[in-house]
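Colleague: Before we start, here is the structure in question, set down as structure tokens.
The values are calculated or read from the model by the stated rules, or taken from the named source; none is laboratory data. Computed from a prediction, not measured in an experiment: that's the story for all the values here. Ideal geometry is used to build each Cβ from the backbone, glycine not excepted, and the neighbour counts take in all protein chains shown.
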Amino acid sequence: MKKEGKKKIWSEYQKEIADDKFYFVRSCIRQTFFPGSDTAYLKILRDVLGKDVYEDPNHTTCTGIAYHTEVVPFSTIQTVVARNFALMRENGYENYTPSCVTSFGIYSEILDTWHHFPEEKQRTRDYLRKATGREFEEPANLVHTSDVIYKFRNEIAAKAKYRLVNKETGEPLKVVDHIGCHYSKMFPSKGVGGAEYPQVLAGLVETFGGEVIDYPERRHCCGFGFRQYFVQANRGYSISASKKKFASMEPYKPDLIITNCPGCNYFMDRWQYALEEMEGKTYGANGEGIPVLSYEEVAGIVLGFDPWKMGLQMHQTDIEPLLKKIGVEYNPDDKYKGPNGEDLGLPKGLKFIKD
Amino acid sequence: MIDFGYTPMPITVHNMDKADLSLAKWLAERDETFNHCISCGSCAATCTAGKFTDFSFRELTHSIRRGEISKAFSESEKCMLCGKCILVCPRNVNTRNIVMLIRKANQIFKP
């Protein structure tokens with residue numbers, strides 16, 4: 001099948017993305033591993049685009065990780081999700097935007113369950129009322145935060161200071177887009193572009209001037225897979241999945257991997273380090289690793305945000321080669337300084353790939 | 001090198017554009033029933049050798065179709081040539097003859 005034909009088939013997989021008044025929900029792991037990414041998202045939405053984004057200090061994790069590892073039962077996670085929905089309405093919002101793809105999959109799964117099994121929804125109402133005295137309504141619009149950035153990609157590009165272009169050669173950067181499995185593989189209609197050709201990151205990359213690489217293992221899992229990772233004896237499966245992806249993309253010489261899932265971001269970043277330690281193998285050019293960034297970190301770079309204030313030094317695979325390729329003006333001496341300029345010292349026992 | 005307590009497995013991606021299918025072609029030219037196999041696994045289920053070793057005729061044909069020729073040669077040595085697999089094959093694949101041909105090919109294909 002020709003690529004145009006495939007694009008046509010998947011082009012009907014579009015979804016409504018709200019314009020404003022977003023209820024923002026954090027990812028439990030992302031704010032720990034890459035604390036600057038959520039901050040960058042809020043800064044882009046509030047300061048650059050002038051949108052109303054509300055973050056409720058009372059909201060909780062969706063408990064998705066515990067659910068997928070069978071620690072939390074389905075009835076419990078439904079009640080936790082219902083509580084977050086209740087908080088959203090109590091604060092006067094109806095557009096729910098989780099920053100985690102696992103959470104987005106959980107919310108989509110639960111809304112679909114309630115659609116097909118109304119008795120589950122009624123039972124959840126009873127549980128929530130008994131536990132908290134709250135009532136909930138489903139969100140009017142449920143989208144992932146990468147959908148929001150995708151929606152406003154042209155506005156961001158219009159205000160961009162840099163483009164995803166190699167400053168020296170003028171060539172577009174080669175970018176691997178990696179979509180989290182739970183974004184649209186479970187419910188293709190919930191993703192922009194469906195399951196096979198999601199546009200949510202590819203569209204962003206192309207708008208910012210980069211070139212998307214179509215490589216054989218493009219839709220392969222990053223290797224997180226919850227129980228493949230959480231049990232140490234199974235971690236060989238996790239790192240093997242990542243290795244298969246890196247080996248598949250290596251011949252295309254990617255300059256950057258962009259992800260929309262906290263787990264993918266984390267594993268594709270950290271497993272490059274682990275593979276280098278285990279096998280002495282790196283998959284980027286010149287013996288370096290391939291930088292892994294989230295969508296709003298990439299948007300933050302092109303908008304000219306300070307990379308260290310976005311927390312890009314928290315990535316184990318060094319991102320400085322990418323900054324140099326784009327021609328980003330930054331101070332390497334500020335890499336390990338705190339928010340008030342204090343010196344945090346070099347990380348101990350941490351080896352960056354070809355730093 | 002750091003021992004993390006787990007290791008990555010070898011990559012098992014088969015690039016069929018680059019696979020060496022010379023043995024598959026050679027076998028099909030000499031016994032066309034090789035192409036009749038639907039990989040149902042009846043042969044492996046009834047295999048006496050497979051009961052005591054990890055031999056599987058089904059896996060053997062898969063290896064050949066993936067171009068894993070050296071693996072196919074070593075695996076073919078495990079067959080006891082009892083012929084029970086011929087009796088159960090729903091597609092009348094002449095399995096024993098194919099094993100014999102693989103062993104013969106092992107002599108021819110080797111440098």
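Colleague: Which of the residues belonging to the stretch A:250-284 are crowded, with 18+ Cβ neighbours inside 10 Å, out of contact with any Lys or Arg (no Cβ under 6 Å at 6 or more places or on another chain) and not in a helix (DSSP H, G or I)?
Modeller: A:L256, A:I257, A:I258, A:T259, A:N260, A:C261, A:T282, A:Y283, A:G284
Colleague: How many of the residues in the stretch A:84-117 are farther than 19 Å from A:F187 by Cα, over 23 Å from the mean Cα position of the chain (by Cα) and of a type in the set (S, T, N, Q)?
Modeller: Residues in the stretch A:84-117 being farther than 19 Å from A:F187 by Cα, over 23 Å from the mean Cα position of the chain (by Cα) and of a type in the set (S, T, N, Q): 1 in total.
Colleague: Another question about this same structure. Determine if the stretch A:233-247 includes at least one residue that is within 19 Å of the chain's Cα centre (by Cα), within 27 Å of A:E109 (Cβ to Cβ), away from chain B (no Cβ under 14 Å) and among the charged types (D, E, K, R).
Modeller: The answer is no, given that none of the residues of the stretch A:233-247 is within 19 Å of the chain's Cα centre (by Cα), within 27 Å of A:E109 (Cβ to Cβ), away from chain B (no Cβ under 14 Å) and among the charged types (D, E, K, R).
Colleague: Could we say that A:E250 is in contact (Cβ under 8 Å) with a residue 12 or more places away in the chain and within 10 Å of chain B (Cβ to nearest Cβ) here?
Modeller: So A:E250 does not fit the description; no.
Colleague: Could you grab the pairs with beta carbons closer than 6 Å, sequence gap of 6+ or different chains, first residue in the stretch A:112-133 and under 15 Å from A:F85 (Cα atoms), second one surrounded by 14 or more Cβ atoms within 10 Å (Cβ to Cβ) and of a type in the set (S, T, Y)?
Modeller: A:T124/A:T79; A:Y127/A:T79; A:L128/A:T79
Colleague: I need a count of the residues in the stretch A:303-326 that are within 19 Å of the chain's Cα centre (by Cα) and either outside the structural domain of A:K159 (by TED's automatic domain parsing) or among the small types (G, A, S) (or both).
Modeller: 1
Colleague: Identify, from the list A:K174, A:K190, A:K167, the residue that is buried (at least 23 other Cβ atoms within 10 Å of the Cβ) and in contact (Cβ under 8 Å) with a residue 40 or more places away in the chain.
Modeller: Values: A:K174 fails: buried (at least 23 other Cβ atoms within 10 Å of the Cβ); A:K167 fails: buried (at least 23 other Cβ atoms within 10 Å of the Cβ).
On inspection, the qualifying residue turns out to be A:K190.
Colleague: When A:E70 is evaluated against the numbered criteria (1) of a type outside the set (S, T, Y); (2) touching a Pro at 6+ places or on another chain (Cβ under 8 Å); (3) at positive phi, which criterion, by number, is the only one it fails?
Modeller: So the condition that A:E70 fails would be (2).
A quick yes/no check of all residues on (1) farther than 22 Å from A:N260 by Cβ; (2) at pLDDT below 95:
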residue	(1), (2)
A:E277	yes, yes
A:A285	yes, yes
A:L293	no, no
A:V298	no, no
A:I301	no, no
A:F305	no, no
A:H315	no, yes
A:L323	no, no
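Colleague: With respect to A:P57, is the statement that it is surrounded by fewer than 22 Cβ atoms within 10 Å (Cβ to Cβ), free of Cβ contacts under 8 Å to residues at least 40 places away in the same chain and over 30 Å from A:L303 (Cα atoms) true?
Modeller: Numbers: surrounded by fewer than 22 Cβ atoms within 10 Å (Cβ to Cβ): yes; free of Cβ contacts under 8 Å to residues at least 40 places away in the same chain: yes; over 30 Å from A:L303 (Cα atoms): no.
In short, no.
Colleague: For the stretch A:201-224, name all the residues that are among the small types (G, A, S) and more than 14 Å from chain B (Cβ to nearest Cβ).
Modeller: Answer for the stretch A:201-224, where residues must be among the small types (G, A, S) and more than 14 Å from chain B (Cβ to nearest Cβ): A:A202, A:G203, A:G209, A:G210.
Colleague: Does A:A274 qualify as being in contact (Cβ under 8 Å) with a residue 12 or more places away in the chain and within 14 Å of chain B (Cβ to nearest Cβ)?
Modeller: Yes, satisfied.
Colleague: Something else: Does at least one position in the stretch A:310-321 carry a residue that is crowded, with 22+ Cβ neighbours inside 10 Å, charged (D, E, K, R) and at negative phi?
Modeller: No.
Colleague: Which of the residues spanning the stretch A:62-79 are under 18 Å from A:Y127 (Cα atoms) and either part of a loop (DSSP other than H, G, I, E, B) or assigned by TED's automatic domain parsing to the domain that holds A:G263 (or both)?
Modeller: A:C62, A:T63, A:V72, A:P73
Colleague: Let me ask you something else. Out of B:L60, B:L21, B:L81, report the one residue that is under 11 Å from the mean Cα position of the chain (by Cα) and either under 19 Å from B:L101 (Cβ atoms) or modelled with pLDDT of 95 or more (or both).
Modeller: Testing whether each residue is under 11 Å from the mean Cα position of the chain (by Cα) and either under 19 Å from B:L101 (Cβ atoms) or modelled with pLDDT of 95 or more (or both) leaves just B:L60.
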